[in-house]
Structures are given as structure tokens and as C-alpha cells.
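Structure record follows, encoded as C-alpha cells.
The values are calculated or read from the model by the stated rules, or taken from the named source; none is laboratory data. Quantities reported herein were computed from a predicted structural model and do not represent experimental measurements. Ideal geometry is used to build each Cβ from the backbone, glycine not excepted, and the neighbour counts take in all protein chains shown.
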Amino acid sequence: MNEQPCVLILGIGNLLWADEGFGVRAVEEFHRQYETPDNVTLLDGGTQGIYLVQHVRDADVLIVFDAVDYDLPPGTIKRVEGEEVPKFMGAKKVSLHQTGFQEVLAMAEMMDDAPEYLLLIGVQPVELEDFGGSLRPETKAQVQPAIEMALDYLADLGVSATKRDTPLSQDSTIACPIMTAELYENERPSEELACRSGDERLLYDKNWQAPEDFEGELEAVLATDQQERG
């Protein structure tokens, strides 16, 4: 590329659901290890969905890290480029955030502002049904290879990143201060202290019963709330 492109390196996913946090951890680690030129932005997109559309529209080059169901062995890393990216993100959704991001790409396309270059670096998740859980070892092991894939892709486009002499501390990265990898791994309660698949006190309480008419009860609550608000 003759001119310096506007590059967005984006990590999406939900840190609270085990391997679904892969994309966020990958972009955090990329920023921790490498300095990038002014035309490169690294962003933790979390589960923001359509709120990311302007960032995507501004990008000439978009690299996305995410957990993707490729129907491959757990922990497998795979890169997808160009027009194939929306297909893979929509074929088997790991989470609702992928529906939202599909819409982002579609909106950018409709506005004639889609990135010229698009790369998805995804990892087949090992475990998702673990609320408060962390990346499984097989998934975590793919963070560095994913970063190297992104670096190679950027190099082919004439964009370089410089490895830091010393990686940034957790407190100096783009990570959410209360969700840094170090805090998340070392300070969350164990499975014994905090059930991660549902509160057993509720599931096994004989006094609790599911609503017979959930929709009807919800409408009644909303109607009462509306009346109280006048």
C-alpha cells in the first residue's frame, strides 16, 4: 500500500464466559507486547456490537480476534480473510456478540465504508459454559500464534509493529482495570465457593417454581410500572 492505511485491531468477546474471552485477551496481549504506529488502533470491543460500527467504518484494514465455532478440534486456530469473514462469524454463533458484529460489517458495507482488508483470527473454543471461568490452556496457548498471524498480515501490507523491550504491566495495558488477566485469574473465587453453572440454592429449592405464564406476568409488571410512572 502506498499510503499508510488506517488499521483497527479488534478483540471481541465476553471475558466472563471462559474461552469466549479469547479475542479480548489476544488484543490486550498484543498491546502489552508491541508498540504500533499512529495509524494503528488496538481496541477491546467486548460485546459492544453495533456500537463498534464507526470504528469499523474508519478502518482500511480490520483484524479481528475472536472465539469462533469452525467445527474443528477444540483449541484449533484458523484465519479467514475478506468476504468469507461474515460467513464464518454467522454460521455457528458462539455468542450474541457475533450477531451484533455481523450487523456491524453489514452496516459498514451498506454505507460503502467497509474495510478494504479484513482478517478474522479465530480459535475453536474448548469451554464456554463456565461463568467466571478463564481461558482453557489449549485456547490460551493460541494467543501468541494469533498475534504472530496478525503481525505477518500487517507486514504484508507494509505496516510494522515494534516489540517492546519490556512488556507493559497489567495496569498499563488497554485491559479493563478490574478485569485484567492477573486480577481475574488470581482473585476470583473458586468453583467450590461460587457456582459457575447456576445457583444450586435456586435450582434445588422446592419453594421455587417457574412462572406458568411468563409473557403474561411480564406484561403485567410492565403495565404496572407504566401506570406508576404516570
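Quick check on my filter: what residues within the stretch 77-93 are among the small types (Gly, Ala, Ser) and either modelled with pLDDT of 95 or more or under 15 Å from the mean Cα position of the chain (by Cα) (or both)?
Listed by number, the list holds a single entry, 90.
Okay, residues lined up against (1) part of a loop (DSSP other than H, G, I, E, B); (2) of a type in the set (Gly, Ala, Ser); (3) within 22 Å of residue 87 (Cα to Cα):
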{"residue": "113", "(1), (2), (3)": "yes, no, yes"}
{"residue": "119", "(1), (2), (3)": "no, no, yes"}
{"residue": "122", "(1), (2), (3)": "no, yes, yes"}
{"residue": "128", "(1), (2), (3)": "yes, no, yes"}
{"residue": "135", "(1), (2), (3)": "yes, no, no"}
{"residue": "146", "(1), (2), (3)": "no, yes, yes"}
{"residue": "155", "(1), (2), (3)": "no, yes, no"}
{"residue": "167", "(1), (2), (3)": "yes, no, no"}
{"residue": "175", "(1), (2), (3)": "yes, yes, no"}
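Would you pick out the residues in the stretch 29-57 that are assigned to a helix (DSSP H, G or I) and either small (Gly, Ala, Ser) or in contact with a strand residue (DSSP E or B) (Cβ under 7 Å, 6 or more places away or on another chain) (or both)?
Result: 30, 31, 33, 49, 52, 55, 56.
Please name all residue pairs, on different chains or six or more residues apart, with Cβ atoms under 8 Å, provided the first residue is in the stretch 201-230 and is in a helix (DSSP H, G or I) and the second residue is at pLDDT below 75.
Close Cβ pairs satisfying both conditions: 202/208; 217/211.
Which of the residues spanning the stretch 43-76 are surrounded by fewer than 20 Cβ atoms within 10 Å (Cβ to Cβ) and modelled with pLDDT of 90 or more?
Within the stretch 43-76, 43, 54, 55, 57, 58, 60, 72, 73, 74, 75, 76 qualify.
How many residues are under 28 Å from residue 185 (Cβ atoms) and crowded, with 17+ Cβ neighbours inside 10 Å if we restrict to the stretch 102-127?
Here the count works out to 7.
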